[in-house]
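What follows is a set of notes on a single structure, which appears directly below.
The values are calculated or read from the model by the stated rules, or taken from the named source; none is laboratory data. Just so it is clear, the structure is predicted and the values come from calculations on it, not from any experiment. Cβ placement follows ideal geometry from the backbone for every residue including glycine, while neighbour counts extend to all protein chains displayed. Calculation scope for accessible area: heavy atoms of the full protein, side chains included, ligands and nucleic acids excluded. Shrake-Rupley method; radii C 1.70, N 1.55, O 1.52, S 1.80 Å.
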Amino acid sequence: QALAAAKEGGRGQLMCFSSEGHKRRNAESLTLELELRQGLRRGELTLHYQPQVRLGDGQCIGAEALLRWHHPTRGLVMPAAFVPMALDVGLRGVIDRFVLEQTCQQIARWQDAGLPVLPVSINLSLTTLLEEGFAADLRHCLQSWAVPKSALHIEVIETVHYPRLADAHWDLHALQELGVELALDDFGTGYSSLAMLKDLPVARIKIDRRFIRNITEDQRDDHIVAALVQLGRDLGLSIVAEGIETDAQRNRLQALGCTHGQGYLFGKPVAAEEFATQFLVAERSADAQIPLRPLTV
Ligand code: C2E
Ligand code: MG
Ligand code: MG
Ligand code: MG
C-alpha cells in the first residue's frame with residue numbers, strides 16, 4: 001500500500017534520493033500518512049487537556065488541548081511520534097482543522113453541561129494561521145458551536161520561515177479583528193521568535209520546557225528565563241512557563257516575575273471527562289459556593 005502510494009505521489013522524491021535510508025524514510029512517512037488519514041476517519045485521534053494555572057494560587061485558568069492517537073496496534077501514540085511527520089507530509093491542514101473542530105465541540109459540551117467556560121488553547125502552525133480564509137473558517141467554527149471567542153486561544157507553532165509573514169498581512173489583520181488570543185509557543189527555541197513577537201498580535205508567550213527543566217541548577221537557564229520574563233513584561237504580555245514539575249521551579253519562576261504556568265506539578269494532560277471532574281466541576285462548586293459534600297434531600 002505504502003509503495004503504491006510512493007509510486008503515485010512521491011516519485012520525484014524517490015528519484016532524487018538514491019540512498020536506501022531516504023527511500024525507507026519516505027516509505028515510512030507514507031505508511032504513517034495512510035494510517036493517520038485512516039485513524040482520523042475512524043476516530044482514533046483525541047485531545048487530552050492539561051491545566052494552565054496562575055502560579056500565585058495554583059488556580060486553573062485554562063487548558064491546553066494536546067493530541068493523542070489511540071493506534072489499533074501501537075497503542076497510545078504521543079504527538080512527538082506523529083505530529084512533526086504529519087505536518088511534513090501534507091496533513092497539516094487536516095490535523096489543524098480537526099483540532100479546531102474537536103476543541104470547539106468539547107467547549108460546547110462543557111458549556112451545555114453548565115460547567116465554567118475556561119479558555120482552551122490549541123496548537124496551530126503559523127502556516128495555517130496565515131492561510132487565506134483561515135480567519136473565516138475559525139469564525140465559522142466558533143459560531144457553529146456557539147463558542148465565545150474568549151473561550152479559544154491559539155498557541156502558534158513556528159513552521160515557516162519568517163519572511164513569508166510579509167505576505168500574510170491581511171489575514172493577520174482578520175485574525176486580530178476576530179479577537180482570538182494568540183500565544184507564541186516554545187518561545188525562544190525557533191528561528192524567528194523575536195521577529196514573530198514583533199509582528200504577530202500576541203498576548204502571551206510560552207517559555208519552552210527546555211529552559212525550565214534545569215532552572216534551579218543551571219545559572220544560564222535562570223538568566224535566559226529571567227530575560228524572557230522581563231521582555232514579556234516590558235511588552236505587556238502574560239508569560240506561561242511550560243513543564244513545571246517541582247515546587248522549587250515554581251518558586252523560582254514566581255521570583256522572576258512569571259505569572260502563569262503549566263506542568264505535571266499542577267496536572268498532566270488527561271481525557272476531557274477527567275479534566276472536567278478534576279478542574280471544572282471543582283471550580284463550579286467553588287463559584288456557586290455549593291458545599292463539597294453532596295446535599296441529601
Ligand atoms: P507543546 O505545545 O510545547 O506542549 C507541551 C508538551 O509538554 C506536551 O507534550 C505536554 O504533555 C508536555 N508537558 C507538560 N507539562 C510537562 C511536565 O511537567 N513535564 C514534562 N516532561 N512534560 C510536560 P505532548 O502532549 O507530548 O506534546 C508535544 C508537542 O506536540 C507539543 O508541544 C506540540 O508542539 C505538539 N502538539 C501536541 N498537540 C498538538 C496539536 O493538536 N497540534 C499540533 N500542531 N501540535 C501538537
Ligand atoms: Mg503548545
Ligand atoms: Mg509549548
Ligand atoms: Mg514545548
Pair list, Cβ under 6 Å, 6 or more apart: region 240-253 residue without any contact (Cβ under 8 Å) to a residue 60 or more places away in the chain and basic (Lys, Arg), other residue away from ligand 4 (no atom under 11 Å from the Cβ) and open to solvent by 20 Å² or more (accessible area, probe 1.4 Å)
Arg252/Thr216
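I'd like to verify a number: residues in region 194-217 that are part of a helix (DSSP H, G or I) and within 14 Å of ligand 2 (Cβ to nearest atom), how many? Spell out the reasoning first.
Step one: of region 194-217, the residues part of a helix (DSSP H, G or I) are 194-199, 209-212.
Next, from what is left, pick out any that are within 14 Å of ligand 2 (Cβ to nearest atom): 209-210, 212.
Matching residues across region 194-217 total 3.
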Could you check region 261-297 and list, in sequence order, the residues that are among the charged types (D, E, K, R), more than 16 Å from ligand 1 (Cβ to nearest atom) and either in a loop (DSSP other than H, G, I, E, B) or at pLDDT 95 or above (or both)?
Glu273, Arg293
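Restricted to region 240-260, and to residues that are part of a helix (DSSP H, G or I) and surrounded by 14 or more Cβ atoms within 10 Å (Cβ to Cβ), which residue is farthest from the chain's Cα centre (by Cα)?
The initial filter retains those residues of region 240-260 that are part of a helix (DSSP H, G or I), namely 247-255.
This time we only want the ones that are surrounded by 14 or more Cβ atoms within 10 Å (Cβ to Cβ), so: 249-250, 252-254.
Numbers: Gln249: 22, Arg250: 21, Arg252: 25, Leu253: 21, Gln254: 23 Å.
That would be Arg252.
Can you tell me which residue within region 131-141, out of those that are surrounded by 20 or more Cβ atoms within 10 Å (Cβ to Cβ) and among the aliphatic types (A, V, I, L, M), is farthest from Gln102 (Cα to Cα)? Spell out the reasoning first.
Restricting attention to region 131-141, the residues satisfying the condition of being surrounded by 20 or more Cβ atoms within 10 Å (Cβ to Cβ) are 134-135, 138.
From what is left, the residues that are among the aliphatic types (A, V, I, L, M) are 135, 138.
Values: Ala135: 17, Leu138: 12 Å.
Only one residue fits best here, namely Ala135.
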Tell me yes or no: at least one residue of region 24-38 is away from ligand 2 (no atom under 16 Å from the Cβ), in contact with a strand residue (DSSP E or B) (Cβ under 8 Å, 6 or more places away or on another chain) and at pLDDT 95 or above.
no
Being in contact (Cβ under 8 Å) with a residue 40 or more places away in the chain, part of a helix (DSSP H, G or I) and open to solvent by 20 Å² or more (accessible area, probe 1.4 Å) is the filter here; which residues of region 62-105 pass it?
Met85, Leu87, Asp88, Arg92, Val94, Arg97, Phe98, Glu101, Gln102, Gln105
